[in-house]
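Asks: Would you mind keeping the following structure in view while I ask a few things?
The values are calculated or read from the model by the stated rules, or taken from the named source; none is laboratory data. Predicted model only: the values in this text are computed from it and were never measured. Here the Cβ is made from the backbone with ideal geometry for all residues, glycine too, and neighbour counts use every protein chain on show.
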Amino acid sequence: MIVVTNGFSVQRMSKQRFMFFAFVLVVVVSCGREPLDSLDPQLKKEGKKDKTIENRTPRETLEKLVFLRHDFGFLAPDSVSTCELSLLNDKLQPMSLESYKPSCRCISMEKMPDMIPPGERGTFVIKLDTSGKRGVTMERIVFFGKDTMVVAEVNAIVKALWADPDVIDLGDLVVGTVKEADAFVLAGGYPEARISSVTVDDNWLEVTQHVANTDEKTLSRKIKAIAKLSAEWTGADLPPGRISSRINIATDAVPDKSIHVRVLGHVLGKVTVVPSRLQFGKISPDKTVTRTCTLSFGAVTFDPRDIECSTEHEFVEAAIEFATSAEKEQFILSVTMETAQDGGDARLVRGAVRGKRKDTGTPIFSVPYVGYMGTR
């Protein structure tokens, strides 16, 4: 029997369909959660095992599993929507509900009937939060009673435009050397969306737009890749250190709202550094650890030995030393990190060694370092 209500249906399922949905229900609802008997406080208090499910015949179980469904249609991202579901108790006995389990934190119960008398209706109020959701979303709340299990399912298409990833880290950058990485522009609920313009905030960054293909699984969620963007570091002659810029994307679907992609990097300078980052790992209390890297300056108009080194922490020291292959303009950067005797508070240390000319103060290189120190 099917009872049709406002925008959804309540269905007494056939035995074949029940077996399928029961399997899905067990996987989704029970996986990683407490067993059904722990949901009944009285049974838990008395130390008894709930045998209301396992002792039922297939026909008895069939009569107790009920599905409610609601389609929100299109919803805005980062919004909250509410729906009411009505359940008719067409049995001769009262229907009681004692507890519930949501499929995720995005769906919640605002109102549920404790008991529905025979021949009357009970109202369920369900709230869906679309924060972080895009495209097709399907969630459920399972309500448990002594003799009844009600599954309230809601679905929606969250309309959104976004980039994946929304932050591109180009890593270490060398002046004069090009480097690039990609990001995809995606549209959920906008099947005909197109990019109308792409701009960047800084001229050291260039962006190339490419055609993007979308796989069938993504399309089934009403999500489409409308473009692939290649962000390129042009090798600009920038001072060593961290840099940050932004890609700005406009679409014809939502003209008044732009999509932004942050682009990060660390300019090493006019020097090749191997390795380009110094990893100290975990440093025990009252220990000193030294890491080194090779600096290859190539053809320069100054003596690399006249470079002054500085760090971002007082317990980190750095110096340039001669390399065995000095005739190839190669030098060794030696960096030492020293912990306190008591170890201090445990913390992650990030910084950079910077080198500049002693006579002019011109920045020459910047080498990142990272370490974990302390025990408390």
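Per-residue answers, yes or no, for (1) closer than 30 Å to Ile332 by Cβ; (2) touching a Phe, Trp or Tyr at 6+ places or on another chain (Cβ under 7 Å); (3) free of Cβ contacts under 8 Å to residues at least 24 places away in the same chain; (4) surrounded by 15 or more Cβ atoms within 10 Å (Cβ to Cβ):
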{"site": "Val200", "(1), (2), (3), (4)": "no, no, no, yes"}
{"site": "Asn213", "(1), (2), (3), (4)": "no, no, yes, no"}
{"site": "Lys222", "(1), (2), (3), (4)": "no, no, no, yes"}
{"site": "Leu238", "(1), (2), (3), (4)": "yes, yes, no, yes"}
{"site": "Lys257", "(1), (2), (3), (4)": "no, no, no, no"}
{"site": "Val263", "(1), (2), (3), (4)": "no, no, no, yes"}
{"site": "Gly269", "(1), (2), (3), (4)": "yes, yes, no, yes"}
{"site": "Thr272", "(1), (2), (3), (4)": "yes, no, no, yes"}
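Asks: Can you name the residue in region 67-80 that is surrounded by 16 or more Cβ atoms within 10 Å (Cβ to Cβ), of a type outside the set (D, E, K, R) and modelled with pLDDT of 90 or more and is also nearest to Ala156 (Cα to Cα) among such residues? Write out each step before concluding.
Replies: First, the residues of region 67-80 that are surrounded by 16 or more Cβ atoms within 10 Å (Cβ to Cβ): 67-70, 72, 75, 77.
Applying the additional criterion that residues be of a type outside the set (D, E, K, R) yields 67-68, 70, 72, 75, 77.
Of the ones still in play, those that are also modelled with pLDDT of 90 or more are 67-68, 70, 72, 75.
Numbers: Phe67: 17, Leu68: 15, His70: 9, Phe72: 5, Leu75: 7 Å.
That would be Phe72.
Asks: I need a count of the residues in region 266-287 that are at negative phi and either among the aliphatic types (A, V, I, L, M) or assigned to a strand (DSSP E or B) (or both). Break it down into steps so the answer makes sense when it comes.
Replies: Pass one, region 266-287, residues at negative phi: 266-268, 270-280, 282-285, 287.
From the residues that got through so far, the ones that are either among the aliphatic types (A, V, I, L, M) or assigned to a strand (DSSP E or B) (or both) too are 266-268, 271-274, 278-280, 282-283.
Adding up the residues that qualify gives 12.
Asks: Return the residue satisfying two criteria in turn: it lies in region 319-370 and is of a type in the set (Ser, Thr, Tyr) and part of a loop (DSSP other than H, G, I, E, B), and of such residues it is modelled with the lowest pLDDT.
Replies: Looking only at region 319-370, we keep the residues that are of a type in the set (Ser, Thr, Tyr), and these are 324-325, 334, 336, 339, 360, 362, 366, 369.
With part of a loop (DSSP other than H, G, I, E, B) added as a condition, the list becomes 324-325, 339, 360, 362.
Numbers: Thr324: 59, Ser325: 53, Thr339: 80, Thr360: 83, Thr362: 80.
Among those that are of a type in the set (Ser, Thr, Tyr) and part of a loop (DSSP other than H, G, I, E, B), it is Ser325.
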